[in-house]
1. Hey, GLY376 hits all of (1) within 21 Å of PHE314 (Cβ to Cβ); (2) of a type in the set (Gly, Ala, Ser); (3) buried (at least 18 other Cβ atoms within 10 Å of the Cβ) but one; which does it fall short on?
2. Take residues that are aromatic (Phe, Trp, Tyr) and surrounded by fewer than 19 Cβ atoms within 10 Å (Cβ to Cβ) and tell me which of the strands (runs of 3 or more DSSP E) falling wholly in segment 153-256 contain 1 or more.
3. Take the residues in segment 382-408 that are within 46 Å of the chain's Cα centre (by Cα) and surrounded by fewer than 17 Cβ atoms within 10 Å (Cβ to Cβ); name whichever of them is nearest to ARG343 (Cα to Cα).
4. Among the residues of segment 114-152, count how many are surrounded by fewer than 22 Cβ atoms within 10 Å (Cβ to Cβ) and among the hydrophobic types (A, V, I, L, M, F, W, C).
5. Working only within segment 103-113, note down all residues that are outside any helix (DSSP H, G or I) and buried (at least 20 other Cβ atoms within 10 Å of the Cβ).
6. If TYR141 passes every condition in (1) modelled with pLDDT of 95 or more; (2) in contact with a Leu (Cβ under 6 Å, 6 or more places away or on another chain) but one, which one does it miss?
7. Could you tell me which of the residues SER214, SER240, SER182 is among the polar types (S, T, N, Q) and without any contact (Cβ under 8 Å) to a residue 60 or more places away in the chain?
8. Of everything in segment 287-335, what is touching a Pro at 6+ places or on another chain (Cβ under 9 Å), farther than 21 Å from GLU371 by Cβ and aromatic (Phe, Trp, Tyr)? Give them in sequence order.
Amino acid sequence: MGRTRMIAVLTVVIGCATDPATTPQPDDPDDPGGTGSGGSAEDGDAGSGSVDSSAGNEDGGGGGSADTLGAATTKVLDHQYQAQQTGYWCGPAATRIALSTRLSAPPTQQTLANQLPTTTNGTDWIGQVTRELDDYLGARYATVEMPNDPPTQSQRDRLWRDIVLSIDAGHGMVANIVAPASNHPPGYPNYTIYHYIALVGYNPQTRQVYVADSANFGGNDHYWLSFDQTATLIPPKGYSTYRCGAGRSIGDIDKRYQALGGCGSFLGAALTDELATPDSIGRYNVFQFGSIYWSPSTGAFEVHGAIRDKWAGFGWEAGFLGYPLSNETKTPDNVGRFSVFQRGSIYWSPQTGAHEVHGAIRERYAQEGWEVGHLGYPISDEYDVTGGRRSDFQHGSITWDATTYMTTVSN
């Protein structure tokens, strides 16, 4: 069970009237957020070739620190509860509770009331809540409208999936409800209530939803609702749900992910929770179109596309290149891309594809001006030759002598 941190505030608990009139329509609720085209952190270009093959998991990855999706037992998120501070601030209060599942210091109700905005008539539309959740957490949430009352089976199934995904991924939800006197949560007064509530937990065995309710009617600040009742309270309104893949990113990897643009970045949605690397030193997350790797000595960097595929072929972080030390970056000639690793680099261009360069040959390549020098881009990985090693480039080769430890350039 998660912990609830109670914060005392001056409370007015007369409900939260929201205008039931028609409100603005959201973007397509089935769209989880644009994944963008492949690219680097710097410019969002297409990057190192096709990203289609970048969705695979690393073989042998160990269990991560995040909770397993689809919990078998009751799961309640740690959150900060505040009762709403006015009779019409249920939108700001529910939004704050949802944000507190991710932020240790969420904004105040006053701040959120200004930003949503919320008037004495309440918060008009659930999409305003989604916007604020995304503004604070990155592009992670989607608005789902439930116009059918009663909801269709498809809408009910989707709501349950969204609750499980959101809570398993560590993100609270917000629901805009209409509660007539005949269908009230615990303690509600005997009239129709238009309201916002935060959903912060679920029980898969009893199919119940754990609600943090800022109205605190009858002292009921938290309570369990059956999923069936929850599903009937939301129409004809809607809810804000986490919608960024089945995985959860945390810590430095999540900071890197959000800096790159989160769900709306070229990486797309998270496919895994944070996982341990096979060497037990680092961590990684797999996304739709790439990965982010972290270790204590290197920090967190993304790798994707053809460069990621090449790196995978060398054994990921356990191979001779080690962990990434940079995001994929555009080369100075604006033609190619490269990523730097602990013990080498991988270069890519549309004409040459992706190839590694490392060790003494890489040092000599640097002296010759990298890809903008007379040698151009690498067209081979380093390979054995009689008496040493060699890498081929567009306009020549660099050979390393195993006896003298010297490198020579041939054109």
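The values are calculated or read from the model by the stated rules, or taken from the named source; none is laboratory data. What you see is a predicted model, and the numbers here were worked out from it, not measured in a lab. Because the Cβ atoms are built from the backbone with ideal geometry, glycine has one as well, and the counts that use them run over all protein chains shown.
1. Among (1) within 21 Å of PHE314 (Cβ to Cβ); (2) of a type in the set (Gly, Ala, Ser); (3) buried (at least 18 other Cβ atoms within 10 Å of the Cβ), GLY376 violates only (1).
2. Values: elements: 173-179, 193-203, 208-212, 222-226, 238-242.
Qualifying strands (runs of 3 or more DSSP E): 222-226.
3. Of segment 382-408, the ones within 46 Å of the chain's Cα centre (by Cα) are 382-385, 388-400, 407.
From what's left, surrounded by fewer than 17 Cβ atoms within 10 Å (Cβ to Cβ): 383-385, 394-396.
Numbers: TYR383: 16, ASP384: 18, VAL385: 21, GLN394: 22, HIS395: 24, GLY396: 23 Å.
Per the stated criteria, the residue is TYR383.
4. Total meeting the criteria: 3.
5. Going residue by residue through segment 103-113, those that are outside any helix (DSSP H, G or I) are 103-108.
The answer is PRO106, and nothing else.
6. Of (1) modelled with pLDDT of 95 or more; (2) in contact with a Leu (Cβ under 6 Å, 6 or more places away or on another chain), only one is false for TYR141: (1).
7. Working: SER214 fails: without any contact (Cβ under 8 Å) to a residue 60 or more places away in the chain; SER240 fails: without any contact (Cβ under 8 Å) to a residue 60 or more places away in the chain.
Matching residue, one of SER214, SER240, SER182: SER182.
8. Of everything in segment 287-335, those that are touching a Pro at 6+ places or on another chain (Cβ under 9 Å), farther than 21 Å from GLU371 by Cβ and aromatic (Phe, Trp, Tyr) turn out to be TYR293, TRP316.
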